[in-house]
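This report refers to the structure that appears directly beneath it.
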Amino acid sequence: MSVFKVFGSLVKDSLATITRGSLRYHIWMGALTFVMLVGMYCYSIQLSEGLSVTGMSDRVSWGLYISNFTFLVGVAAAAVMLVMPTYVLHDVDFKQAVLIGEGLAVAALIMCLAFVVADMGGPSVLWHMIPGIGVFNFPNSMLTWDVIVLNGYLFLNITIPLYILFRHYQGKEAKSSVYVPGAILSVFWAVGIHLVTAFLYQGLQARPFWNNALLGPRFLASAFAAGPALIILVLAIIRNFTAFKVQDRTLRKIAMVVTVAAQINLIMLISELFKEFYAPTHHSESAYYLFFGLHGKDALLPWIWTAIPLNVLATVLLTFHKLRNNFKVLFFCCFILFIAIWIEKGFGLIVPGFIPGPYGKIVEYTPTRIEIGVTLGIWAMGAFIFTILAKTAIGIELGELRYKGKSKNV
Amino acid sequence: MSTNKKWYSLNFGRNNEKPSGACGCGKTSGGCGSHGAKGHQEPDVNQMTDQEFAEAAINASIGEETKKDGFDQVFDVKMDRRTAFKKLTASLLIGAGAVSTSCSVISGDDSKEKAQIDWEEQFKGNYKLMSDDEKSATVDRLMRSYELRTGKNLSMSSKNAEEDVLFGYAFNISKCQGYMDCVNACVEENNQDRNSEMQYIRIHEMKDGQGFNFNEADDNYYHEVPAEGHFYMGTQCFHCDNPPCVEVCPVQATWREADGLVVVDYDWCVGCRYCMAACPYDGRRFNWSKPEVPEEEVNHNQHYLGNRMRKKGVMEKCTFCVQRSRTGKNPACVEACPTGARVFGNLLDPKSTIRWVLENKKVFRLKEDLGTEPKFWYFMD
């Protein structure tokens, strides 16, 4: 019996599972497909007209795409907060959640890559970046580091769950000696992807708003808050709509991770604000622009003043055990924390880096409808991929999907 | 890239300056299908009988392996990645050629040649790593392509940096009156996109008595100059000796030439705009749409690294008019300046005007604390 045969059967069974489901499931997938198609249409306009259809300009040359990319790297890295306790510390409470977390990481990474490609001026010459065929400016360019770590992390997060599910699919236990080394590697790798992505910005002496030693650590803290917050929400939905059992204890433990990370994130935020506003220098202008506006230009004020109160409120609520252990409050907190960090680390981080420009020029940035369409399309694609992965994984874990070829062979 | 940097940077045994003759794949032997003329021997699809075409196609795709049988032809072949890529390109080309030959009734030889040039241009290597032959091959292709499209000729150079030349620039703040003749000359010389009004040079109008206060300056004025109570200061790419934009480029599409010019290979750029974020001097411009220059305004005296036509989605920047400076002329902005505020020359020539300025004037540079070492100095009378 060859491995390929089992794998073929797995793909066939998985296809059968993901194409069948309740009406609600079909509506969900249909809606995602529609949004993806709209996104593809918007992208086709961008391809034929050029990036001029976006709100970006020579003054603000990165926008919504790179903002979402940065945020999603954090979501992907957050899977480590489940991987480490399960595979390395052998905490059984996380075992149910870890496959979902890894599925989320895969979806987030694919979205990251899609956002980077969407942001490229010449997607047709992207092969210039492939090591060996093109010219890979390693190790000088942090972007090449990012290409390596993101793809490596994607590989790890596909292979480990695939191996485990593949064994379970055949009704066997997964051998820990096979996947634990990979899991340990992925723990370091997760920290790596986020630190490297932070270094992408942190290493630019031209942009004082980013050129700040706290950027990397703060990326990690906010990632370990926003990512597990999303995982909690996803687990809550899954246990509501499927037979997959997720214990309360698991959610509580993940909530603890979110809480600690959110607290650290808040401390770092205070430290940053103190540095920018206690003794403001020429380099604090971007922060001034972000929080108070400069010379009457204040496009980011509504965003950041939504994010900060949500962030503080969520962190405070989560800090009290009683409130955190109430699931209604927990889900609410996770939701607002996710939104807050999406704003803060997306828009609130990328756009002010360019404002004011190198010579003090303030040109604001507003995404266009086409840009928003492409962005929504990519998010829908991420949700679509995650749904497929999760449905297959849950099917196998519940024992609904099993390899049947064996009996025929005997 | 300068070899004596002030700080340490990881190198992992790689040479920054790869031996010339290598292309993007980093190998010197053979072609990767990207070196046109001498890279590989595609059959000339246009002037062949079907018989010859079939033979040539077999020859190009399997070559000397014709003596082997069956799978051996395909699988039992010593092939490095370079060769594999070359063969893949060759067979794809033949496939594409065959399809277009069989399907098209009206397309003439010209359009086929154009398609072939477009194909080779799409898969050529990085200019930085090309040998001189490869450089002139791509320049020939681009000139021929222009001729096929417009029926006009242009001259494009691939002249390399000369030895003992390091270009530098000085700007006399006392002299500049803000006439912007430099900006106009630059746009005309360098074939910049007219639709988006792209300009490499920005002239900042500053108020007297406030010092060099860029925040209060206006770089987009439309009134009579010189305006009362104001002085003028121009910025453009400073051609740093330690350029941050070069370090960050993921594909080495931008680099510092031996004569100090920081240039871009427009055909190698992937359009990620990381260099733009890394530049502290607002020196880089991006083609957000397809750049357009009316045919009668195109400057036909071009250099591959300079003012040749760009395409949508790539970076470009001031090159100190490489097409002029490497032939001993001043950049267009220097020539156009009616006040003599702009000085350009060879920093290694002790008798040059630029050296005289550096030695006799109190010069300064912008944002020196960033360690970028611009080769653009400001001074006052």
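Some notes on this structure:
- Taking amide H as placed 1.01 Å from N in the peptide plane, B:Met180 has no amide H partner under 5 Å among residues 5 or more places away or on another chain.
- Charge context of A:Phe209, other residues only, Cβ under 11 angstrom, K/R +1, D/E -1: -2
- Trypsin sites (Lys or Arg not before Pro) within segment A:1-68, DSSP loop, no more than 16 other Cβ atoms inside 10 Å: A:Arg20
- For chain A, built as a Gaussian network whose Cα springs stay under 10 Å, the top-fluctuating residue of A:Cys334, A:Cys42, A:Cys112: A:Cys42
- Projecting the Cα atoms of A:Gly348, A:Thr54, A:Gly39 onto the dipole axis of chain A, where Lys and Arg carry +1 and Asp and Glu carry -1 at the beta carbon, places A:Gly39 farthest toward the positive end.
- For the protein assembly as shown, a simple Cβ point-charge model (Lys and Arg +1, Asp and Glu -1, everything else neutral) yields a dipole of about 3460 debye relative to the Cα centre.
- Springs between Cα atoms under 10 Å define the GNM used for chain A, and in it the highest mean-square fluctuation of A:Gly348, A:Gly373, A:Gly132 occurs at A:Gly132.
- Two-site label geometry, B:Asn160 and B:Leu148: point separation in nm, points 7 Å out along Cα→Cβ: 2.9 nm
- Longest to shortest principal axis, alpha-carbon extents of segment B:142-194, angstrom: 49, 35, 13
- The charge dipole of segment A:3-401, taken about its Cα centre with unit charges on the Cβ of Lys, Arg, Asp and Glu (plus for the first two, minus for the last two), comes to roughly 1000 debye.
- Coupling constants for segment B:244-252 follow from the phi torsions by the Karplus curve (6.51 cos²θ - 1.76 cosθ + 1.60, θ = phi - 60°), and in residue order they are x, 5, 6, 4, 7, 4, x, 10, 6 Hz; glycine and proline get x.
- Unsatisfied cross-links (Cα-Cα over 31 Å) in the set B:Lys311/B:Lys375; A:Lys345/B:Lys311; B:Lys114/B:Lys375; B:Lys135/B:Lys175; B:Lys329/B:Lys362; A:Lys391/B:Lys312: A:Lys345/B:Lys311; B:Lys114/B:Lys375; B:Lys135/B:Lys175; A:Lys391/B:Lys312
- Modelled this way, with points 7 Å down the Cα-to-C-beta line, the labels at B:Asp132 and A:Asp248 are 8.1 nm from one another.
- Remark: the A:Lys297-A:Asn211 segment gains 28.7 nm on full extension, using 0.36 nm per residue and subtracting the alpha carbon distance.
- Near the amide H of B:Ser157, within less than 5 Å, lie the amide hydrogens of B:Gln302, B:His303, B:Tyr304, all on another chain or at least 5 residues away, with H placed in the peptide plane.
- Among the residues of A:355-361, the average count of other protein chain beta-carbon atoms within 10 Å of the residue beta-carbon is 6.
- Label zone at A:Ile270, where the point sits 7 Å out along the Cα-to-Cβ direction: segment A:312-339 residues whose backbone N lies under 20 Å: A:312-321, A:337
- Farthest positive-ward along the protein assembly as shown dipole, Cα basis, beta-carbon charges - from B:Cys237, B:Leu92, A:Val75: A:Val75
- Considering only B:Val314, B:Trp255, B:Cys333, the residue lying farthest towards the positive end of the dipole of segment B:167-379 is B:Trp255, judged by Cα position with unit charges set on Cβ.
- Here the spin labels are modelled as points 7 Å beyond Cα on the Cα-Cβ line, and at B:Asp140 and A:Val178 they lie 5.7 nm apart.
- The slack in the chain from A:Arg167 to A:Arg369, taken as 0.36 nm per residue of separation less the alpha-carbon distance, amounts to 68.2 nm.
- Cα-based shape type of the protein assembly as shown, given that a ≥ b ≥ c are square roots of the gyration tensor eigenvalues and the cut on a/c is 1.5: oblate
- All aspartates and glutamates inside 14 Å of A:Lys12 as judged from Cα atoms, apart from same-chain residues fewer than 8 positions distant: A:Glu400
- Calculated FRET efficiency, B:Val363 to A:Lys404, Cβ-Cβ distance, R0 = 60 Å: about 0.15 to the nearest 0.05.
- Dipole magnitude (debye, nearest 20) for segment B:167-379, charges at Cβ of Lys, Arg, Asp, Glu: 540 debye
- Calculated FRET efficiency, A:Lys12 to A:Trp127, Cβ-Cβ distance, R0 = 35 Å: about 0.60 to the nearest 0.05.
Since every read-out is calculated from the coordinates, none of them should be taken as a lab result. Nothing here was measured: the structure is a model prediction, and the numbers come from that model. Because the Cβ atoms are built from the backbone with ideal geometry, glycine has one as well, and the counts that use them run over all protein chains shown.
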